[in-house]
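Report on the structure given below.
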Amino acid sequence: MKILVLNAGSSSQKSCLYELKDVQSDRPLQPLWEAKIDWTHQQNVSELKVQTAAGSQLEEELASESRQAAIYRMLETLWKGKTQTINNLNEIDIVGHRVVHGGQEYQQSTLISPDVKEAIARLAVFAPVHNPVNLEGIEAIEKILPNVRQIAVFDTAFHAGLAPATFVYPGPYEWLENGIRRYGFHGISHQYCARRAAEILGRDLADLRLISCHLGNGCSLAAIGGGVSVDTTMGFTPLEGLMMGSRSGSIDPGIIIHLLKRSDLTAEKLDNMLNRNSGLKGISGVSADMRQIVEAISQGNERAQLALDIYIHRLRAGIGAMLASLGGLDALIFTAGVGENSPIVRAAACEAFRFMGLKLDGDHNLQSPIDADIATADSAVKVLVIHTQEDWEIARECSKF
Ligand code: ADP
């Protein structure tokens, strides 16, 4: 079974092709072909990078191409040129898409129909950056493979089982009636990490209490009991919760009222302020990238130090909240760019939980091993570093159809 995965972000489009021979296999497979288009570096230029399991590589800069044209060119490298991996498009059995917002309706991966597309478009009011680009990927595939089955794998779906007390905001009741509630995100990553954790620990997922810390550019925690998300830090949008690279995370909404009353703040300016110019970047004035924050701290930059201190304080507070929702903890999981690569962040987060017998193995932590337990043998709680594999998780969801 050949499964093509499309994972669209605001400024990048990733894609890969998997071949599943044994659908029972839980171990992530190496994709046959993987590609990425990056729009972040140069204006009106799409940077395309492709590599195949057979070892071929391709790099191209596509000038002034539309997003759709760039996606088409990316897909073309699957069946043409030096990265050719399939002979013809019809070899693709199914296409899976990461769709950020599934709203209240879509609580699991869903076969895409005109109704589903209409819902994804409608839900763009909740996810204006992501849902439209997800839809663009679906339409690009429709053009070149009109009869292939396409599956929407929602980032919100893993949190669909949250209890009302967890997902309802204590604002006016009409909010809830209008879909203004907590949804949670990064679900594909949290779901993958939970299953992988059970595998690493050799335990049944149904018996585990886990806290998954997805710390990338966006950051969120999930409290996972018996394989189900029981709490999470992101809410109505991916802005709630932890301090992130350039997003503030939770702040007192009174600040917004204060600013609106005293300045010419528009919704767009507010959006920019909270989503793009806050977090590590806003506080440090250096960067949203944790590597540069740590580098600046080593040169004595006090604002970078403050940014890291707030990040850690809020991460610890978030873990504490998840702990209360779970009522105990078997393993703490670190994943995504910062979670997988920053011993400093992991050590500082864990330090606060020594009181409950959580003991980190300092040397092992420094090595940032992949898919391994970095707690000491006598620690009451396991601490896992897991390389998140969202594309693989999407492929796995597709294999169920
Ligand atoms: P996204 O949320 O966009 O998928 P990633 O999971 O790739 O992002 O995480 C990106 C972030 O990971 C970078 O901004 C950087 O802060 C962090 N990161 C990557 N490598 C390291 C490292 N070696 N040490 C600390 N942070 C790192």
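The values are calculated or read from the model by the stated rules, or taken from the named source; none is laboratory data. Everything numeric here is computed off the predicted structure, so don't read it as measured data. Every residue, glycine among them, receives a Cβ derived from its backbone with ideal geometry; neighbour counts consider all protein chains shown.
Annotations
- Out of Leu242, Leu205, Leu265, Leu221, sole residue that is over 23 Å from Leu332 (Cα atoms) and either crowded, with 20+ Cβ neighbours inside 10 Å or away from the ligand (no atom under 16 Å from the Cβ) (or both): Leu265
- Among residues of the range 359-380 that are without any contact (Cβ under 8 Å) to a residue 12 or more places away in the chain, those with a Cβ under 7 angstrom from a residue that is in a loop (DSSP other than H, G, I, E, B), sequence gap 6+ or separate chain, pair up as His364/Ile374.
- If you check Arg67, Arg73 for being surrounded by fewer than 19 Cβ atoms within 10 Å (Cβ to Cβ), under 22 Å from the mean Cα position of the chain (by Cα) and among the charged types (D, E, K, R), only one passes: Arg67.
- One residue stands out among those in the range 24-38 that are of a type in the set (D, E, K, R) and not in a loop (DSSP other than H, G, I, E, B): the one that is surrounded by the most Cβ atoms within 10 Å (Cβ to Cβ), which is Glu34.
- Scanning the range 330-350 for residues that are outside any strand (DSSP E or B), more than 7 Å from the ligand (Cβ to nearest atom) and either touching a residue at least 24 places away in the same chain (Cβ under 8 Å) or within 17 Å of the chain's Cα centre (by Cα) (or both) returns Asp330, Gly339, Glu340, Pro343, Ile344, Val345, Arg346, Ala348, Ala349, Cys350.
- Any hit, the range 383-392, residues being without any contact (Cβ under 8 Å) to a residue 40 or more places away in the chain and aliphatic (A, V, I, L, M): no
- Any hit, the range 67-86, residues being outside any helix (DSSP H, G or I), modelled with pLDDT under 90, over 25 Å from Lys400 (Cβ atoms) and not hydroxyl-bearing (Ser, Thr, Tyr): no
- Residue that is farthest from the ligand (Cβ to nearest atom), among those in the range 289-325 that are of a type in the set (A, V, I, L, M) and within 22 Å of Gly184 (Cβ to Cβ): Ala324
- Boolean, Glu19 is modelled with pLDDT of 90 or more and surrounded by 15 or more Cβ atoms within 10 Å (Cβ to Cβ): yes
- Of the residues making up the range 282-306, those that are hydrophobic (A, V, I, L, M, F, W, C) and touching a Gly at 6+ places or on another chain (Cβ under 8 Å) are Ala288, Met290.
- Selection within the range 181-202 - within 14 Å of the ligand (Cβ to nearest atom) and of a type in the set (A, V, I, L, M): Ile188
Each row is one residue, and each column tells you yes or no for (1) surrounded by fewer than 16 Cβ atoms within 10 Å (Cβ to Cβ); (2) under 26 Å from the mean Cα position of the chain (by Cα); (3) more than 23 Å from Gln389 (Cα to Cα).
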{"position": "Thr40", "(1), (2), (3)": "yes, yes, no"}
{"position": "Gly55", "(1), (2), (3)": "yes, no, no"}
{"position": "Lys80", "(1), (2), (3)": "yes, no, yes"}
{"position": "Ile94", "(1), (2), (3)": "no, yes, no"}
{"position": "Arg98", "(1), (2), (3)": "no, yes, no"}
{"position": "Gln107", "(1), (2), (3)": "yes, yes, no"}
